[in-house]
1. Given the residues Tyr60, Tyr135, Tyr122, Tyr78, which is the only one that is under 16 Å from Phe48 (Cβ atoms), assigned by TED's automatic domain parsing to the domain that holds Arg46 and within 21 Å of the chain's Cα centre (by Cα)?
2. Mind checking whether some residue in the range 67-76 is surrounded by fewer than 17 Cβ atoms within 10 Å (Cβ to Cβ) and within 26 Å of Glu140 (Cβ to Cβ)?
3. Out of the range 56-84, which residues are among the acidic types (Asp, Glu) and either in contact with a Cys (Cβ under 7 Å, 6 or more places away or on another chain) or assigned to a helix (DSSP H, G or I) (or both)?
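The values are calculated or read from the model by the stated rules, or taken from the named source; none is laboratory data. Bear in mind that the values here come from a model prediction, so they are computed numbers and not experimental data. For neighbour counting, all protein chains shown are included, and Cβ atoms are generated from backbone atoms with ideal geometry for every residue, glycine included.
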Amino acid sequence: MTRARTCWLLTALAIQGLLGGCATSEVWKEGKFARFHEPVSPLEIRLFSSPQRKDVLVGYLEEREDERSRKWRAYWLYQNVEKVNARNHPRFESFSEAKHLAEVPVYASREAAEGRPRPELYAVLTGRRNEFTLYSGERELGTFELPVYEDSSGLVKQILLTPPALVVDAIAVGCVLFILTLPYSAMAIADAN
């Protein structure tokens, strides 16, 4: 290989390196546009018992990551426990369903619940960011997490940014090919004249 061709090849490789690789793969990098919905801190939670459904309506104040907007959410605890544990959003209900249900006391700590009359059903915050433990008298019914789930807007952004990323990738490949074939094209033009 001649010295000129070696220089052209090294220049083409340098340009490809400067372009940073594949724009499309950058758009589809896991977590690139992920935004999460999660309970506010400090936790604001209200629980309501439904003997007919044999379930507990959980109401909590939620915020979207990186935003200041907050919204009250409600869902049935036992009906959605698998979805919440899998980091998916539960099937949300109208918070107005709570108006016909008995409110379940929620204590900030186990110590705060001590010395008070034990209601049939009550909850204690565990001290972890999104957890509470449900009790029936002295019997622990379980510890439950509140929903933390990814917003679907990240996927929409990825889909919308894919066509421009493909164009950028095509331009990068075209530039490299142009630079690689330039010496040969120049020689062919020179030989034709």
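1. Numbers: Tyr135 fails: within 21 Å of the chain's Cα centre (by Cα); Tyr122 fails: within 21 Å of the chain's Cα centre (by Cα); Tyr78 fails: within 21 Å of the chain's Cα centre (by Cα).
Every option except Tyr60 fails the conditions.
2. If we filter the range 67-76 for residues that are surrounded by fewer than 17 Cβ atoms within 10 Å (Cβ to Cβ), which is where we start, we get 67-72.
So of that shortlist, the ones also within 26 Å of Glu140 (Cβ to Cβ) come out as none.
No, the range 67-76 contains no residue that is surrounded by fewer than 17 Cβ atoms within 10 Å (Cβ to Cβ) and within 26 Å of Glu140 (Cβ to Cβ).
3. Looking only at the range 56-84, we keep the residues that are among the acidic types (Asp, Glu), and these are 62-63, 65-67, 82.
If the condition is that a residue be among the acidic types (Asp, Glu) and either in contact with a Cys (Cβ under 7 Å, 6 or more places away or on another chain) or assigned to a helix (DSSP H, G or I) (or both), then Glu82 is the only one that fits.
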